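What follows is a single structure, written as structure tokens, with notes after it.
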Amino acid sequence: MPEHVESSLFTKSFWALLLGFIGYACRLAVTVILTRHLSLELYGDFAVAWRSLIFVSMLLTYGTAASARRFVTDYVAAHDQRRKRSFTYWVFQLLARSTVRLFVVYITFWMMTNVLHVIDISWLEKYHLAVFTLVLAPVLSVFAILASYILSHGYGLLTAFLNSVVFYGVQFLVVTIFFAVFIPENITHLSALLFSIVLVLMAVGAMISLSVPNMGIVQSVVSKPRRYVVDVEWMDVSQVAYLNELLVNTTLTMNLYILELFAAQESNVGIYSVCETWIVILGLLFVSLSEQDVQNIHEVGHASRSKYRRLQRSLDFFNSSKLLMAFVFLGFTWAFRVSILSFFSIPQGRAEYLLPLMIFNAYLGDNQYQLSYLMAHDDWDWVQRVQLLAVLLLVVVSCTLVLPFGMFGVAFATTLSRLVCKGLFTYRCRQRTSLRLNLLV
């Protein structure tokens, strides 16, 4: 690779990493404000509701946010405005139909609950915060699609800015202003907070997307293109992306749902969510490092022997760096575990022993090299079967262990699920290539 290209990649990676750190700082600040002013039980409700919004917004896009990165990128490179506008119209029509179904279910549900609770005037407080706010999911879906379009037009750093600084910065701004006015005390107040966050987030995302030249989203959505075409490949690729996103997001979301439903102590949800927020920094570092070699992994089948050796040395370096980062972060977290938890208003207790296990889980969850290799070689079926097995294992073991062990049982179930997942991915990669995508195998 030419030296100026390597320098450009390093510069972009540096700025992307810096933007990620700023977003992480905003996320930590939001968590601190919420945990210091809300009970752990109420903060847990907020965390589950926000995670539910993100999960449902992913369902509504049906994989089109991911497939846009492929098709829109190709159409922009080929200057094919007709297909780009047609694809955009198709994406938002699909989202519109999904949104209508969501609204029908949402309205039907509340009509039924009103009939069933016509006598009990305090029935509103009996439902989870997520039930009140799921109607906001389509707004987050549009935000995800806009981010994909900006990336597809070649604005990688702007996309990183949107997904990190804007996404978490808006939350920090709205939460700060909201808590300066009054302290939320119930589900109704938190619903208003979530409404404010989502609406401001959408407004900022829309303004940024409109500043990108030649996007053409508004024109494509408002009026059907004159020479409208539909490619059957759009749905095929979107379905594959949808299944992959569904399995990944289910794995990330299921822990909080199981704790919310079955944990003996309601505070477990809030504590677990705080620990997840703390270890996000590891995922950020791992992704930033992995992105340096993902493109080379896609081309490994056509690489010369010398390039193959250089890639192996690079993978060994990055994998060693990830392991070192995990150990350093683990040591720092363990040394200051009491201060970290008290910073988030979590009293001393067993929670401090949860952090090392979740850091280990974050390290096990780094499968980007294996996934990139398998998907580049059209091994989607194997990836999806393994991910489905991981989800089933997570659900079964978590539901078995959550009652006697609470959040530790769920964390151990995550460890077991990710060990199986990493082992099977590694086994499949070793069947296909002698390249060591992990540190040892």
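The values are calculated or read from the model by the stated rules, or taken from the named source; none is laboratory data. These numbers were taken from a predicted model, which means no experiment stands behind them. Heads up, the Cβs are rebuilt from the backbone with ideal geometry, glycines too, and the neighbour counts pull from every protein chain shown. The protein model used for the area step is the full one, side chains on, heavy atoms only, and it has no ligands, DNA or RNA in it. Shrake-Rupley method; radii C 1.70, N 1.55, O 1.52, S 1.80 Å.
Values for this structure:
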quantity: At R0 = 45 Å, FRET efficiency that the Cβ-Cβ distance of residue 226 and residue 339 yields, to 0.05; calculated: 0.10
quantity: Contact order normalised by residue count of the chain, Cα under 8 Å, 6+ apart, percent; calculated: 23 percent
quantity: The chain: Lys pairs at Cα distance under 24 angstrom, eight or more positions apart or on different chains; calculated: 5
quantity: Residue list for segment 45-84, given a label point 7 angstrom along the Cα-to-Cβ vector of residue 106 and an amide N cut-off under 16 Å; calculated: 49-61
quantity: Whole-Å semi-axes of the ellipsoid equivalent to segment 50-115 (Cα gyration tensor, √5λ, descending); calculated: 33, 13, 5
quantity: Cα-Cα separations in segment 141-263 greater than 17 Å, expressed as whole percent; calculated: 72 percent
quantity: Segment 198-237 - Kirkwood radius from inverse mean 1/r over Cα pairs (Å); calculated: 12.5 Å
quantity: Protein-only accessible surface order, largest first, of 79, 377, 37, 153 at 1.4 Å; calculated: 79, 37, 377, 153
quantity: Shape parameters for segment 154-203, alpha-carbon atoms, Rg then Dmax in Å; calculated: 13.0, 44
quantity: Percent RCO, i.e. relative contact order, over segment 137-198, from Cα pairs under 8 Å lying at least 6 residues apart; calculated: 31 percent
quantity: Whole-number Å³ per residue for the convex hull built on Cα positions in segment 134-176; calculated: 56 Å³
quantity: At least 20 Å along the helix axis (C-alpha) and Kyte average at least 0.5, DSSP helices within the chain; calculated: 3-37, 40-61, 137-152, 167-181, 187-211, 232-262, 267-298, 380-405
quantity: Distance histogram in 20 Å bins (all Cα pairs of the chain, percent per bin); calculated: 22, 58, 19, 1
quantity: Rg/Rh (Cα only; Kirkwood hydrodynamic radius) as it applies to segment 194-345; calculated: 1.07
quantity: Burial ranking of peptide ranges 249-260, 304-315 (average Cβ count within 10 Å, highest at the top); calculated: 249-260, 304-315
quantity: The chain - mean residue ellipticity at 222 nm from DSSP helices (-39,500 (n - 2.57) per run, n ≥ 4, rounded to 500); calculated: -27500 deg cm²/dmol
quantity: Accessible surface ranking that places the most exposed of 69, 226, 51 first, with a 1.4 angstrom probe; calculated: 226, 69, 51
quantity: 1.4 Å probe accessible area per residue over the chain, in Å²; calculated: 48 Å²
quantity: The chain, accessible surface, carbon-and-sulfur percent (1.4 angstrom probe); calculated: 66 percent
